Every structure is written in C-alpha cells, then in structure tokens.
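Read the structure below first, then the notes.
The values are calculated or read from the model by the stated rules, or taken from the named source; none is laboratory data. All values derive from a computational prediction rather than experimental measurement. All Cβ positions, even for glycine, are placed from backbone atoms using ideal geometry, and neighbour counts span all protein chains on display. Keep in mind that these areas ignore ligands, DNA and RNA; they rest on the heavy atoms of the full protein, side chains included. Shrake-Rupley method; radii C 1.70, N 1.55, O 1.52, S 1.80 Å.
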Amino acid sequence: MNPQKNQDAEASNLLRDIQSEVGTESAPLMRLILQYAGIIAGVLSLFLLLLTGTAVWRWHSNSANVAAREKLARLTLTGQGDARVRALSEFVATAPEAVRLSAYLTLGQCALEINDYTVAAAAYAEAARQDSDGALGASAMLGEACVLLKAGKYAEAEDILQTVQTRLPDAARTLQLQQLLAEAAEKAGKTALAAAIWQKLAKEIQGLDSDYFLSRAMASMKDTPLPQMKE
C-alpha cells in the first residue's frame with residue numbers, strides 16, 4: 001500500500017466533499033483555498049525509511065497536520081461573517097506550524113470581507129512575518145497595505161508598499177503596484193513622491209493612460225508645498 005497515494009486520494013475526496021457543501025456565495029473562498037493547495041498539501045509526503053521511533057513521530061505529526069488542514073477548510077467554507085472570523089482567530093492560535101501561514105492568510109481574507117480591518121491587518125502582518133522571504137509573504141504585505149488604505153491609515157500603507165518594492169526585482173514592480181504606491185503616498189501627504197511616480201509612469205506608458213498619469217503628476221505637484229524661504 002502506498003501511503004502517499006492514499007493521502008492524495010483523501011485530499012481530493014475532501015475537496016470534493018467541501019465543494020458539495022458550499023454555496024455559490026463562497027466560491028471565491030474556494031478558489032483561495034485551491035490557490036494555496038500546494039501549501040495545504042505540501043507536507044503530507046514526508047514519510048522516510050528511518051528509525052522506527054522517528055518514523056512513528058513523523059506519521060503522528062503529519063496526521064495532526066492533515067486534521068488541521070481539514071478543519072481550516074471546513075471553518076472557511078462553511079462559516080459566515082463574524083462567527084467565521086472568530087472561529088478562525090481561535091484556530092490560528094493553536095494551528096500546527098505547517099498550517100499556520102495558510103490559516104493567517106485565510107483569516108485576513110475573511111476579516112477583510114466583513115470590513116474588520118484591525119483583524120485583517122494583523123493577520124496579513126503575521127502571515128508576512130512567517131514568510132518574510134517568500135512570495136506569499138510579499139502577497140501578505142500587499143494585502144496588509146490594501147487593508148490599511150481602506151482603513152484610512154495611508155502613511156502606514158505607504159511604508160509597507162515601499163518595503164514591498166525593495167523586496168521585488170524591477171520586472172515584478174508592476175503598473176498596479178506603482179499606482180497603489182502613488183495613491184498611498186498622495187493620501188499620506190507625500191505629494192512630491194506621488195508626483196515623481198506619476199511622472200515615471202507617464203513616460204513608461206503610451207496612449208491615454210500616459211495622459212492620465214501626467215495629469216495626476218501635475219495635480220500632485222500643484223498640491224506640493226513650496227519650500228520655506230530663510231529670512
């Protein structure tokens with residue numbers, strides 16, 4: 001008998017069972033779980049031919065992780081609103097380490113859906129801390145920045161977006177990220193920085209978008225205070 005095949009079959013059966021239980025209104029969350037399916041299923045094949053004691057411990061550890069993943073999926077897809085956020089908040093406090101990143105990302109998404117910006121920002125921040133050098137960590141930072149923008153905490157959002165920029169290579173600094181940073185800087189009162197970003201985008205992008213970015217740059221410069229003259 002192949003344990004790995006059995007685990008893969010159980011995971012597939014679980015997803016099918018969950019999809020049959022979940023209404024159409026939860027389809028976006030189903031896609032979220034499937035998006036991170038590699039993480040959710042990634043540590044189920046760690047059985048090695050080692051000493052009996054070590055093998056038994058790893059079997060026990062993986063069994064606990066499988067149970068935790070099943071609980072996370074069911075809490076996410078069958079719960080609603082405040083009750084779901086409370087249940088996920090309780091879950092992440094005791095979740096196994098291998099499941100914790102997915103749990104915090106899920107909690108952030110669910111809290112954002114009910115406009116609980118405090119819980120959402122904290123959850124995304126913790127997810128970013130747990131994957132400080134990875135792509136999911138950078139995605140969590142973007143999530144936190146978006147939450148802070150919605151909450152009107154523009155300076156904090158701008159700081160996080162600046163940090164994300166330093167972590168990404170030039171090719172990954174997308175138009176959307178640049179626009180988000182410019183918007184955050186402008187709302188945080190850093191109009192000179194916003195104007196510089198809008199000008200840069202106006203030079204890089206052609207057509208109507210270029211005209212729009214140039215108009216935003218001019219508006220930002222108009223709002224930039226002149227330096228004080230020394231007497």
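So which of SER45, SER132 ends up being modelled with pLDDT under 70 and surrounded by fewer than 16 Cβ atoms within 10 Å (Cβ to Cβ)?
SER45
So if I check each of THR191, THR163, which one is among the hydroxyl-bearing types (Ser, Thr, Tyr), open to solvent by less than 100 Å² (accessible area, probe 1.4 Å), within 15 Å of LEU142 (Cβ to Cβ) and modelled with pLDDT of 85 or more?
Answer to the selection: THR163.
If a residue has to be among the small types (Gly, Ala, Ser) and over 16 Å from LEU136 (Cα atoms) to count, how many in the stretch 166-183 make the cut?
Matching residues across the stretch 166-183 total 2.
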